[in-house]
Amino acid sequence: MESLFENAGITDTKERKKTLLEYVDAQTEEEWLGFDSYENETSWEDFTKKIKESYPEAVDDTGSIVNLEQICKEHACLSRSNIVEIHTLMRKFQHEAKKLVKVIGNGFLVTKFL
């Protein structure tokens, strides 16, 4: 987003925060609106730091089989008709698997996903 804001000439912190919310789903928007750093005069850097702290899995670049198994467990009872949850599983699984593929191999990941 930083480069998009720079290219668009958006430097105002409040405008950046408001614009950022246009790119997230409704649930995430509600959660981020609840951050004290959204409402007050907190800097853009501190606001984005708060976001990153709220999603430790997004900044963890080491990967973990335990995390992968937890993701699979959370989504073990999916039905074919629950498209939202299927896509959530796919995003989470791919994110964690990407960190692990060089260590454990693709075959293990495919087995876990199935």
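The values are calculated or read from the model by the stated rules, or taken from the named source; none is laboratory data. Because the structure is a prediction, the values reported are computed rather than measured. So basically every Cβ, Gly included, is an ideal-geometry build from the backbone, and we count neighbours across all protein chains shown. Accessible surface areas use protein heavy atoms only, side chains included; no ligands, DNA or RNA. Shrake-Rupley method; radii C 1.70, N 1.55, O 1.52, S 1.80 Å.
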Looking only at region 29-50, decide whether some residue is open to solvent by 70 Å² or more (accessible area, probe 1.4 Å), of a type in the set (Asp, Glu), assigned to a loop (DSSP other than H, G, I, E, B) and under 27 Å from Val103 (Cβ atoms).
no
Members of region 15-32 found to be touching a residue at least 24 places away in the same chain (Cβ under 8 Å) and within 17 Å of Ser54 (Cα to Cα), listed by number:
Lys17
Single unsatisfied condition, Leu78 versus (1) under 16 Å from Leu21 (Cα atoms); (2) hydrophobic (A, V, I, L, M, F, W, C); (3) over 18 Å from the mean Cα position of the chain (by Cα):
(1)
Flag if Phe5 is in a helix (DSSP H, G or I), touching a residue at least 12 places away in the same chain (Cβ under 8 Å), among the aromatic types (Phe, Trp, Tyr) and under 18 Å from Leu109 (Cα atoms):
no
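Condition check ((1) open to solvent by less than 60 Å² (accessible area, probe 1.4 Å); (2) without any contact (Cβ under 8 Å) to a residue 24 or more places away in the chain; (3) aromatic (Phe, Trp, Tyr); (4) part of a loop (DSSP other than H, G, I, E, B)) across all residues:
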residue: Gly63; (1), (2), (3), (4): yes, no, no, yes
residue: Val66; (1), (2), (3), (4): no, yes, no, no
residue: His87; (1), (2), (3), (4): no, yes, no, no
residue: Phe93; (1), (2), (3), (4): yes, no, yes, no
residue: Ala97; (1), (2), (3), (4): yes, no, no, no
Count of region 99-114 residues which are surrounded by 10 or more Cβ atoms within 10 Å (Cβ to Cβ) and part of a helix (DSSP H, G or I)
11
Say whether the condition of being open to solvent by less than 80 Å² (accessible area, probe 1.4 Å), in contact with a Leu (Cβ under 9 Å, 6 or more places away or on another chain) and touching a residue at least 24 places away in the same chain (Cβ under 8 Å) is met by at least one residue in region 72-83.
yes
